[in-house]
Amino acid sequence: MKKYLFISLVLLAATVAACSQQSETLQGKWIIETVYGQPVAIADTAFITFEEGLEKVHGCNGCNNFFGPCTVKDDQLKFGELGSTMRFCAEAATEHQVMDAIYATVSYKIKDKTLAFYTSSGAEALRLCREDAQLAAYENDVIKTIMERRSIRRYEDRPVPRELLWRLAECGINAPSAVNRQQWEVRIVDNPEYIDGITEVYKKANPKAADDPSFKNMFRNAPAVIFIGSPRSGAAQFDCGLLAENIMLAAKSLGLGTCCLGGPIGFMKNNPDAAPYLQRLAFSDDYELLYAIAVGYPDEAPAAKPRDKSKVILLY
Ligand SMILES: Cc1cc2nc3c(=O)[nH]c(=O)nc-3n(C[C@H](O)[C@H](O)[C@H](O)COP(=O)(O)O)c2cc1C
């Protein structure tokens, strides 16, 4: 009996040790959060990935990519000569600080998905966070909706319930506006007679558009369109832009697709045959059509277009 108890305890200890070793591994992608205690200037572009075997790393120092050897023994960590891409960096200070900190590293410690690199004097050179942990910490339904919204240019052939369109508009007008002036006017159109009618005018002026067999209407074939008007003078476009984003995010969260449309607006405003359709939108005299939002049930799931993170710099 005692023998079995002993074997069980040994097995349990081995399992716990294996698990803790597993969760403490350096392998994987780590986002650099601070350099010598200061937040990195270029949000989440600086990272280090320890490759399988822990003999090689690659990463990005906030501008240039680097790659090369590393040596890991117990809690000791040293980086060898790292190769690097040679891109010009507007934010060169971050790049230098990150590389200095990497080369100054002699040891590391992992705790609660946070990795710290230390210099020989015991100072914290870099603090990093496992990528999945960072993403999980900053994830919720709103962020998911924002990150997953895409412009939809193919829609199912079915109408959007009117109460849903109303709800979208309601979300739109709950956007912030300068001095709460709410300088926007919103017109919801799901009437096929209107959408097809203006599309006929468009086709007459752009006969090639109809060559595309999938072409149904000039609003990316959407069954509903929300037209936004703004005052002819002033800077109400800011308010209107915020209104649009509210509408598009609300739509995404309710399973609808949208596409902000500037292209058809120029046509509607400038083609004399389109004038009756513009008039039917009944914007106030001092307002004009600014843009439209196509709305419908998505019939495609496009990949995200690339975003240029170097346009974001955190100054400290
Ligand atoms: C003011 C504005 C006007 C736009 N006009 C058009 C348009 O006329 N036709 C179109 O297909 N997409 C249009 N778009 C959609 C953009 O092409 C799209 O937002 C951009 O490529 C990023 O892709 P994403 O929305 O999928 O993230 C417009 C977007 C904005 C903000």
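Here, each number is a calculation from the coordinates, and none is a lab measurement. No experiment lies behind these values; they were computed from the predicted model shown. Heads up, the Cβs are rebuilt from the backbone with ideal geometry, glycines too, and the neighbour counts pull from every protein chain shown.
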Margin query: What Kirkwood Rh does the range 45-175 have if only Cα atoms enter the pairwise 1/r average? Answer in Å.
Written below: 18.4
Check: If you line up the long axis of helix 162-173 against the longest principal axis of the chain, both from Cα atoms, how many degrees apart are they, to the nearest 10?
Finding: 70
Notebook entry, point to check: Helix 192-205 versus the longest principal axis of the chain: what angle, 0 to 90°, nearest 10, using Cα atoms?
Noted result: 90
Notebook entry, point to check: Rounded to the nearest 500 deg cm²/dmol, what is the calculated helix-only ellipticity per residue at 222 nm for the chain, with -39500 (n - 2.57) per DSSP H run of length n ≥ 4?
Noted result: -10500 deg cm²/dmol
Margin query: Considering all alpha-carbon pairs of the range 144-296, what whole percent are spaced by more than 23 angstrom?
Written below: 34
Next item on the list: Could you please tell me the mean projected area of the C-alpha convex hull for the chain, averaged over all directions and given in square nanometres to one decimal?
Entry: 26.3
Next item on the list: Between ASN140 and ALA304, with labels modelled 7 Å along Cα→Cβ, what's the label distance in nm to one decimal, could you check?
Entry: 1.9
Check: With r defined as the distance between the Cβ atoms of SER151 and HIS58 and R0 fixed at 25 Å, what FRET efficiency is calculated, to the nearest 0.05?
Finding: 0.15
Check: Averaged over all directions, how much area does the convex hull of the C-alpha atoms of the range 65-140 cover when projected, in nm²?
Finding: 6.5
Notebook entry, point to check: So how far apart, in nm, are the two label points at ALA92 and GLN38 if each is 7 Å from Cα heading toward Cβ?
Noted result: 1.6
Note to self: Need the C-alpha centroid separation for the range 138-200 versus the range 45-81, integer Å.
What the structure shows: 46
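Could you sort out which of LYS252/LYS309; LYS111/LYS305; LYS269/LYS309; LYS109/LYS309; LYS144/LYS311; LYS73/LYS144 sit more than 31 Å apart by Cα distance in this structure? Let's see the in-between values first.
On the way: LYS252/LYS309 23 Å; LYS111/LYS305 35 Å; LYS269/LYS309 36 Å; LYS109/LYS309 29 Å; LYS144/LYS311 22 Å; LYS73/LYS144 39 Å.
Exceeds cut-off: LYS111/LYS305; LYS269/LYS309; LYS73/LYS144.
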